[in-house]
Amino acid sequence: MTTNFDFLKSTDKNLFDIISEAEKLYRDEYFEQCMTQTRRFGENICKDVLGSRRTTEETFDDMLATLKDKSKGNPQEKEFLDDLYFLKRSGNKSVHAGTVKKDGMAALECLQRAFEVAISYSVFKNGPSDKIMRLQYDTELLVTGNKNKSLAERYNEEKKRSKNPKNDLKTVEKPSKKSKKQKSFEKGKKHSKKSSKIQKISLFWLVMVVAFTISLTTIGFLMLTFIRP
C-alpha cells in the first residue's frame, strides 16, 4: 500500500518500515500505539543523525541534548529538533497514560511532525531535492491508501472528460426526420381539411340560394292571387 513516507524507502528501509507501521496503526484506530511508534521513529533518526558524534548517550533525551549542542542554530535545524522533541513528549505521554484516550488528532499531528522530520533527514542524507521539499502530508492517503490527486492531475482529467462526448451533459434528442410518405400523408391531410371546409361553405351558399329562390316564388304566387278580382 502507498504511504506518505515512500520517498524514505530508498534512503533507509528500516526507518520506512517503522513509520509505515505507525500509519497502519492510525488507520486501525490504535492512536496511542501510533504515537508511540512515531516516537520510536524519531529516536532512531536522532541516533542516525548523531552518528559518530554519539559517545555515552543512551536515552532519547541525552541524544537530543547532544544534537542540540552541536547544531549551528539555523532555522532548519531548530525546526528539526522541535519536531523530534514533540515526538518524544507525545510518545512518552501515550506510553504512560493511565487510560486510553483514542485521540486521533494528537496521533495525526505526530504523523505530520514525523513527516517533516523524514524530509529533513532525507535532505541530510541525500542533499536538497525540489521533489522532496515540495511534498505535503496527505491525510486522504493516510486514511484510504489512495493518493490525493494534484490540481494538475484533476485539470487534465476534466480536460479529457470535456473532449469525450459520452461524458458531456445529456444532449437533447433531435426530432427524427420524417419520411416522404409521412410528409405526403400530412400534406394530404391538410389539403383534405381545407377542401372539406370549402365544400361546407359552398353547400351553405347553395342551400341559401335555393331557399331564397323558393321564398321569392312563394311571395310572387301569393301576390298574384291577392291581386286577381
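Please work out whether the stretch 57-106 counts as rounded, prolate or oblate from its C-alpha gyration tensor, where a ≥ b ≥ c are the square roots of the eigenvalues and a/c under 1.5 means rounded, while otherwise a/b larger than b/c means prolate and anything else oblate?
Judged from the Cα gyration tensor, the stretch 57-106 comes out oblate (a/c at least 1.5, b/c at or above a/b).
How would you rank 15-27, 75-87, highest first, on the average number of other Cβ atoms within 10 Å across their residues?
Listed from highest to lowest mean packing, they are 15-27, 75-87.
Is the C-alpha gyration tensor of the stretch 1-154 telling us rounded, prolate or oblate? Criteria: a/c under 1.5 is rounded; beyond that, a/b larger than b/c is prolate, otherwise oblate.
The shape class here is oblate.
Computed from the coordinates by the stated procedures, all read-outs in this text should not be read as laboratory data. Since this is a predicted model, take the numbers as computed values, not measurements. Cβ coordinates were reconstructed from backbone atoms using ideal geometry, including for glycine residues, and neighbour counts include every protein chain displayed.
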